[in-house]
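Novice: Below is a structure I'd like to ask you about.
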Amino acid sequence: MNRVAVVTGGTRGIGEAISVALKKAGYKVAAVYGGDEAKAKAFTHETGIPAYKVDVSDFKQCQTGLQKIAADLGPIDIVINNAGITRDGTLHKMTAEQWEAVIHTNLSSCFNTCRSVIDSMRERGFGRIVNIGSINGQAGQYGQVNYAAAKSGIHGFTKALAQEGAAKNITVNAIAPGYIDTDMVRAVPPQVLEKIVAKIPVGRLGQASEIARGVLFLVADEAGFITGSTLSINGGQHMY
Ligand code: CAA
C-alpha cells in the first residue's frame, strides 16, 4: 500500500487512534500536531509515525507543512481533518477570542489543508478526504455556539467539496462522533458529563478506535461511491 495519509491533530485523542489504525492497515502516515511537543515526540517514538508541527488555523503553515510531508512521503492521497479544540461557554460569557480560536482551528483548517492538496489530487485523479465533525454540529449543544457552528460548517464544507471532487475520484465525507473517551471530553465538568452519558443509549462513552474504524472504511480505494455522506458514530445519542 503506497497511499499517503495526513491526519491533523494526529498525535492525540481520536487523531492518534486514526493515525495508528491507518499505519496498521498499511498506509504511509504523517501526523500533524499543533503544540504538544512532548506528546508528539512520545507518539513518534511509540508508533514510528512521523509528526509534523503545523498550526492548521494558518493557511501559509498548512501549505508549507503539507508540501514538506509530500516531499518526505510522496504525494498526499488522504487527508483526515481531525484537529479540533473547545472553548466552551455560554454566548453571554464568550469572548471574541474564544469564538475565533474555535472557528479557525476547527473549520478554517479544513479549507487550509484541502486547498493545499486539492490541485495535486485533481491532477492524479484520486483523493480521500474525511472531516471529523461532531454530534454537536448536528444537534447543537448548550455552551458551544462556537464549536457547534464550526462543526456544522464542516458538514456543509464536506457536501460542497464532495460535489466538486466527484468527477476526479476525490471523495469527501464526514464522521460525526458523539462523546468519545478523550481528554477533550474528560474536560467537561463531571456532573455535566454524567447527565450526557445518561442520554447515550449504548450507555457509555465511545472509544477513539471506534472512530478510526469508520475512517478506514471511508478512505479505502473501494469506497469511491461513498461521497458527501456523514457517518454518525455516537452510541445512538442522536439519530440524524
Ligand atoms: N440545557 C439547559 N440548561 C443547561 C444545560 C443544558 N444542556 N446545561 C447547563 N444548563 C443550565 C444549568 O442547569 C445552570 O442553570 P441554573 O443556573 O439555573 O442552575 C446554568 O445553565 C449554568 O450552568 P453551568 O453551571 O454549567 O454554567 P457554567 O457557566 O459554569 O458552565 C458550560 C457552562 C461551560 C457550558 C458547562 O455547562 C459545560 O461545560 N457544559 C458542557 C458542554 C459540552 O458538552 N461540551 C462538549 C465538550 S466535548 C466535545 O465537544 C466533543 C464532541 O464533539 C462531542
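We did not get these values from a lab; they are worked out from the coordinates using the rules stated. Given the structure is predicted, the values throughout are model-derived calculations rather than measurements. Using ideal geometry, Cβ is built from the backbone for each residue, glycine included, and neighbour counts are taken over all protein chains shown.
Novice: Can you tell me which of 92, 104 is within 18 Å of the chain's Cα centre (by Cα) and either on the phi < 0 side of the Ramachandran plot or surrounded by 17 or more Cβ atoms within 10 Å (Cβ to Cβ) (or both)?
Specialist: Numbers: 92 fails: within 18 Å of the chain's Cα centre (by Cα).
From the options 92, 104, the qualifying one is 104.
Novice: So, one more: Which helices (runs of 4 or more DSSP H) does region 82-166 wholly contain that include 1 or more residues that are over 16 Å from residue 57 (Cα atoms) and within 14 Å of the ligand (Cβ to nearest atom)?
Specialist: Helices (runs of 4 or more DSSP H) meeting the threshold: 135-139, 145-165.
Novice: Right, here's the next one. Name the residue, out of 70, 38, that is without any contact (Cβ under 8 Å) to a residue 12 or more places away in the chain, over 28 Å from residue 152 (Cβ atoms) and either in contact with a strand residue (DSSP E or B) (Cβ under 7 Å, 6 or more places away or on another chain) or not in a loop (DSSP other than H, G, I, E, B) (or both).
Specialist: On the way: 70 fails: without any contact (Cβ under 8 Å) to a residue 12 or more places away in the chain.
When all the criteria are applied, what remains is 38.
Novice: With the condition kept exactly as written, say whether any residue in region 8-18 is in contact with a Pro (Cβ under 9 Å, 6 or more places away or on another chain), crowded, with 24+ Cβ neighbours inside 10 Å and outside any loop (DSSP other than H, G, I, E, B).
Specialist: yes
Novice: Right, something else. Any residue in region 218-225 that is in contact (Cβ under 8 Å) with a residue 60 or more places away in the chain, more than 19 Å from residue 136 (Cβ to Cβ), out of contact with any Cys (no Cβ under 8 Å at 6 or more places or on another chain) and crowded, with 20+ Cβ neighbours inside 10 Å?
Specialist: Checked against the condition, which is being in contact (Cβ under 8 Å) with a residue 60 or more places away in the chain, more than 19 Å from residue 136 (Cβ to Cβ), out of contact with any Cys (no Cβ under 8 Å at 6 or more places or on another chain) and crowded, with 20+ Cβ neighbours inside 10 Å, region 218-225 yields at least one hit.
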